[in-house]
Amino acid sequence: MKNFLALILTLGLGALILVSLANNAAFPAFGDVDTTDRVSDGYINRDTDGTVDNTVSYGSTDAESGPANIVTAIVADYRSFDTLGEVTVLFVSSLGIALLLGSTKQKRLELDFHPNFMLRVGSKALFGIILMTGIYVTIHGHLTPGGGFPGGTMIASSMLLLYLADDTFRARIKGFKVLESVAGTAYVLIGFAGLFLMGTYLQNFLPTGTIGALLSAGIIPIVYVLIGLKVGSEISGVIDNFLTEEAV
Amino acid sequence: MELSNLEFINYVEIFVAVLMVVLAFLAINSKSLIKSVMFLSSLSMLSVISFVLMKAPDVAVTEAVIGSGLVTSLFVFTLLAVKKVGAHL
Amino acid sequence: MLQYAAIFLIMLGLYGLLTQRNIIKIILSLNILEIGLNVFIISIGFVIGTNGEIGIAPILTSTNNSSALLFVDPLPQALVLTAIVIGVGTTALGLALAKNIYAKYGTFNIDEMGEE
Amino acid sequence: MSAIYLIAVPLLAAFISILVKKVSPYLLLLVSAASVVAMYFVDLETIVIGGFTAPYGISLVVDRFSQAGLFAVNVLFFLVVALNINNYKKMSSILLVALAGLNGLLLTGDLFNLFVFLEVSGIAAYLITTTNKKPLATFNYLVAGTVGSSLYLLGLILLYAMFGTLNMADMSQSIADSGVSAAVVSLPFLLMFIGFGVEAKLLPFNSWVKGILGHSNSLSGPMIASVYATAMGLVFGRLLSEVFVFDDKVTLIIAVVVVLSVVAGEAMAYASTKVREILLFSSIAQAALVVLLFVNGFVGWAIMLAIANGVTKFLLFSVINKATEVVGSDEISSLKGLFVNNKIIGVSFTAASLSIIGLPLFVGFIIKMKMLESLFTSTLVLPFGNYFYPAVILLSSIVEGVYFIKLLVSLWYDKENAPVVHYDVLLKYVGVVIALGLIVYGVFQGNVVDFADSLGAIILQGGVF
């Protein structure tokens, strides 16, 4: 009976959304979107002054925002404050997980299976590759898809491989803590640097360079590397917390 | 008959969309928790395909690594930690 | 089509949240809801041009080299990046709580825990 | 001074605090005290972040509205922290994040940034409630909160699809300019309303409240019931009064939901025998009342009610949770005669509860009087006519009066086996100050009335400053 009510409720809500979207003249149909009507136009053309209708191209120099990847330009430059909040969410939830699951005396969780030879060797080999990929993705975040968050997670999953390969492995948590704290602090301080040098918080204070070059986009690669380090160390900490238990 | 780019995407789209709904249904209704988690993981992988179809490579990479990889492993670790105690899952 | 699927996923997630009594399943439903939401947000930014050409992924490269080309809307993608990471934060926290709950009650099923 | 410090400095302190665990409680005290002081130096302005102006970048808005909210939230936060920091040193980093999140929530002028801060402060709140040692209740809170913010995000993205902007001011401008009917935007606003309704404890979405506040301790109780409730109420009000556009049908639905919340809250408080439950049901009713005022455009008095409610609930929850921790139960019968040995606390508790009921001489009276006055004389078209809301408010006040007086009587009288609870000196001082404040502002009502009227006027005119 309760399930039936829930079914009716969700079906009703779904139908309500579908019908009211279908009859809504202001809501664009799938694919029928004009980005020039939206703020995104400014992001794509790197032209938020709105004075002249400019465009930029691959290889332009000194654009308003430097990354070739437009999504990165939004995430790490135009709406960088959101990203600071996002980093904080991950930070506070990893703190909370450590608070909920961690205690001082911990040992590795005893799993049913033990890694065999292939797994041990294979993981060690893969560890390097995944770590390199993670670092590459992080550093090239302003040019190619990816960036600090997936890059950091890849770094953390290389740690996860080490955990799986070795029954007794524990990453050095203290080092991760330092990294996490330093990266977070540096992010906030970069924001302050923008405030003192340029007048607004988190403003880019370095030259934006040539769109498409590795060394371009001002503070964005720096911010993404910091995010990558921070996310990597946080998620490694989370994985460690999930794979350990209180020693009896 | 040759398919244009758009038509091809349309067919893949329908396939992915239907499969996603089916997988979500299975994930919710499966009796075994570990199977549910696997269905969720596949659902997440399919959402990666849909992101690629809708030209969002950044999101696709992030969802593949974080949503499909990390979340699944956290679910599995939780279940493994508990399984040891000997409860029925 | 993907847009309908996304709304369907959101509703399935809500249905799961309302009906499931197992904590892991509840977190799972939450994840389904979030995936649906993310697909929906991305679908908001998808662009098909007037001649049926598909929008380009929002990255300037040496081939897609001018911002005057038809790009898909990058802003929803940036929002989804944020939403995914936030979703992982809540999921991980929920799982940690689930572990604590299991340690306390010895079950994942809410009905078997008794009234607090 | 730029208000960005109110967000960035707690965040910086939080990131540093995980390295220096020993010092982190003092860091928390220092930062939250500094935030209170910094309130006086914050300029009224719109702060640009990242060098990109409003619709493109994120901006923080410091107007009278957010200033009032910041003031209340920061002071209450500092008090809660100062009273509890010794027992909850482990929570320091999380509390720092919570402070940053709450300030960000109140300041931000961007709808998506609001979602981010909703999650930041939300996750901090879930973690604060883990100190209750009721993981299942915390889990329910987490699920409810996440669903709420997901629905908010869904509504927000629908708005973006229609109007192509995320900035609040720009959004309401484009809605007005586009000339669409209110029916077109009612779905996204309804979704956002539901999303915030979870946080603001409105009726069908507030099942988490009982588990959290019914088992709260001296940190989580005042934090969730007072600090978070004030912040959420004000942010919700900001959206309701500055962004949301409702058509008549939706207004009717909302009116029904809100009135039901008030009635149900008061009825359940009346029926309950546990002190914490009485307080939490009463705060559900109060929160619904705040939303009701915001929905119908009485912004000034809604803000005053939210703040007064935050201040009084802080005192009530602090006193009761401390007593519960000592006695081990929050049944009225086991707390009988609590104030026999704690006269000062008793007097301030009494003053706070009388103010909530709305007896003359207290601030609550003025707020209720003015509320009724503006509802009666309102030229706006209210659902169910001009007499319906005042009737609901009066009725709920009577019920409120009955159960609070009953509660006060049993807490004051019973000279035998009265429990012995030692309260902090700080709480006594704060209690006296709050009680005096309630009376002083209640007697010399000019200030309050002027302030609320000017707030309401400013905000209704649509001006930022």
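Residue-wise test of (1) open to solvent by 30 Å² or more (accessible area, probe 1.4 Å); (2) β-branched (V, I, T); (3) within 10 Å of chain C (Cβ to nearest Cβ).
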| position | (1), (2), (3) |
| --- | --- |
| B:I9 | no, yes, yes |
| B:L26 | yes, no, no |
| B:G67 | no, no, yes |
| B:V82 | no, yes, yes |
Hey, among D:V250, D:V259, D:V263, D:V275, which residue is among the aliphatic types (A, V, I, L, M) and under 28 Å from D:V116 (Cα atoms)? D:V250
Only one of (1) within 14 Å of chain A (Cβ to nearest Cβ); (2) crowded, with 17+ Cβ neighbours inside 10 Å; (3) at pLDDT below 85 fails for D:M1. Which number is that? (2)
Of all residues in the stretch A:152-207, which are under 19 Å from D:L12 (Cα atoms), polar (S, T, N, Q) and part of a helix (DSSP H, G or I)? A:S181, A:T185
Do we find a residue being at the interface with chain D (Cβ under 10 Å from one of its Cβ atoms), farther than 22 Å from D:I58 by Cα and either buried (at least 19 other Cβ atoms within 10 Å of the Cβ) or touching a residue at least 24 places away in the same chain (Cβ under 8 Å) (or both) anywhere in the stretch A:30-52? yes
Residue within the stretch A:62-74 that is in a loop (DSSP other than H, G, I, E, B), among the hydrophobic types (A, V, I, L, M, F, W, C), more than 9 Å from chain D (Cβ to nearest Cβ) and crowded, with 18+ Cβ neighbours inside 10 Å present: yes
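Can we say A:T10 is modelled with pLDDT under 80, among the polar types (S, T, N, Q) and in contact with a Phe, Trp or Tyr (Cβ under 7 Å, 6 or more places away or on another chain)?
No; evaluated as a whole, the condition is false for this residue.
Residue-wise test of (1) within 21 Å of D:V120 (Cβ to Cβ); (2) in contact with a helix residue (DSSP H, G or I) (Cβ under 6 Å, 6 or more places away or on another chain); (3) buried (at least 24 other Cβ atoms within 10 Å of the Cβ); (4) in contact (Cβ under 8 Å) with a residue 40 or more places away in the chain.
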| position | (1), (2), (3), (4) |
| --- | --- |
| D:L6 | yes, yes, yes, yes |
| D:P10 | yes, yes, yes, yes |
| D:A13 | yes, yes, yes, yes |
| D:L19 | yes, yes, no, no |
| D:V42 | yes, no, no, yes |
| D:Y56 | no, yes, yes, no |
Need the failing condition index for D:A82 against (1) part of a helix (DSSP H, G or I); (2) open to solvent by less than 10 Å² (accessible area, probe 1.4 Å), just the number. (2)
Inside the stretch D:304-421, counting only helices (runs of 4 or more DSSP H) that do not spill past its ends, which hold 1 or more residues that are modelled with pLDDT of 85 or more, open to solvent by 40 Å² or more (accessible area, probe 1.4 Å) and touching a Cys at 6+ places or on another chain (Cβ under 7 Å)? none
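What residue, of D:A161, D:A182, D:A169, D:A124, is within 30 Å of A:F27 (Cα to Cα), at the interface with chain A (Cβ under 9 Å from one of its Cβ atoms) and in contact with a helix residue (DSSP H, G or I) (Cβ under 9 Å, 6 or more places away or on another chain)? Break it down into steps so the answer makes sense when it comes.
Numbers: D:A182 fails: at the interface with chain A (Cβ under 9 Å from one of its Cβ atoms); D:A169 fails: at the interface with chain A (Cβ under 9 Å from one of its Cβ atoms); D:A124 fails: within 30 Å of A:F27 (Cα to Cα).
Criteria check complete, one pass: D:A161.
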Test: residue in the stretch C:58-80 that is open to solvent by 20 Å² or more (accessible area, probe 1.4 Å), under 27 Å from B:V82 (Cα atoms) and more than 7 Å from chain B (Cβ to nearest Cβ): no
Among the residues of the stretch C:1-44, which ones are facing chain B (nearest Cβ under 7 Å), under 25 Å from B:A60 (Cβ atoms) and among the β-branched types (V, I, T)? C:I32, C:I35, C:V39, C:I42
Read through the list (1) within 20 Å of the chain's Cα centre (by Cα); (2) closer than 25 Å to D:N321 by Cα; (3) at the interface with another protein chain (Cβ under 7 Å from one of its Cβ atoms), then give the number of the only condition that D:T146 fails. (2)
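Results for (1) more than 10 Å from chain D (Cβ to nearest Cβ); (2) modelled with pLDDT of 85 or more; (3) open to solvent by 30 Å² or more (accessible area, probe 1.4 Å), shown as yes or no for each residue.
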position	(1), (2), (3)
A:S157	yes, yes, yes
A:Y163	yes, no, no
A:K177	no, no, yes
A:E180	no, yes, no
A:G184	no, yes, no
A:G191	no, yes, no
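Does D:L70 count as at pLDDT below 90 and surrounded by 22 or more Cβ atoms within 10 Å (Cβ to Cβ)? Don't jump to the end; show me each part of the working.
On the way: at pLDDT below 90: yes; surrounded by 22 or more Cβ atoms within 10 Å (Cβ to Cβ): yes.
Yes: the conditions hold for D:L70.
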Limited to the stretch C:84-98, what total is found for residues that are within 9 Å of chain A (Cβ to nearest Cβ), touching a residue at least 24 places away in the same chain (Cβ under 8 Å) and farther than 21 Å from D:G211 by Cα? 1
Being within 21 Å of D:I254 (Cα to Cα) and touching a Phe, Trp or Tyr at 6+ places or on another chain (Cβ under 8 Å) is true for just one of D:L154, D:L187, D:L166. Which residue is that? D:L154
Residue check, A:G212 against (1) closer than 20 Å to C:V88 by Cα; (2) within 7 Å of another protein chain (Cβ to nearest Cβ), all met but one. Which one? (1)
Checking the structure you have, find out if any residue of the stretch A:203-212 is among the aromatic types (F, W, Y) and at pLDDT below 85. yes
Among the residues of the stretch C:45-56, are any part of a helix (DSSP H, G or I), more than 8 Å from chain B (Cβ to nearest Cβ), open to solvent by 10 Å² or more (accessible area, probe 1.4 Å) and of a type in the set (S, T, N, Q)? no
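Counting only residues that are modelled with pLDDT under 85 and open to solvent by less than 30 Å² (accessible area, probe 1.4 Å), give me the helices (runs of 4 or more DSSP H) lying completely in the stretch D:185-264 with at least 2 of them.
Details: elements: D:186-199, D:207-213, D:229-242.
In the stretch D:185-264, the matching helices (runs of 4 or more DSSP H) lie at D:186-199, D:207-213.
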Scan the stretch D:89-121 residue by residue and report those that are among the charged types (D, E, K, R), within 7 Å of chain A (Cβ to nearest Cβ) and either part of a loop (DSSP other than H, G, I, E, B) or crowded, with 24+ Cβ neighbours inside 10 Å (or both). D:E119
Report yes if some residue within the stretch A:11-26 is surrounded by fewer than 17 Cβ atoms within 10 Å (Cβ to Cβ), in a loop (DSSP other than H, G, I, E, B), in contact with a helix residue (DSSP H, G or I) (Cβ under 8 Å, 6 or more places away or on another chain) and facing chain D (nearest Cβ under 7 Å); otherwise report no. yes
Number of the exception - C:I101 against (1) at the interface with chain A (Cβ under 7 Å from one of its Cβ atoms); (2) over 24 Å from D:L153 (Cα atoms); (3) in a helix (DSSP H, G or I): (1)
Given the condition closer than 30 Å to D:S174 by Cβ and either within 14 Å of another protein chain (Cβ to nearest Cβ) or touching a residue at least 12 places away in the same chain (Cβ under 8 Å) (or both), answer yes or no: does some residue in the stretch D:32-40 qualify? no
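Give the number of residues within the stretch D:265-284 that are of a type in the set (D, E, K, R) and buried (at least 24 other Cβ atoms within 10 Å of the Cβ).
The first filter runs over the stretch D:265-284 and keeps only residues of a type in the set (D, E, K, R), leaving D:266, D:274, D:276-277.
Within this subset, residues satisfying the condition of being buried (at least 24 other Cβ atoms within 10 Å of the Cβ) are D:266.
Here the count works out to 1.
The values are calculated or read from the model by the stated rules, or taken from the named source; none is laboratory data. Remember, it's a predicted structure, so these values are computed and weren't measured experimentally. For neighbour counting, all protein chains shown are included, and Cβ atoms are generated from backbone atoms with ideal geometry for every residue, glycine included. Protein only, heavy atoms only, side chains kept; ligands, DNA and RNA dropped before computing areas. Shrake-Rupley method; radii C 1.70, N 1.55, O 1.52, S 1.80 Å.
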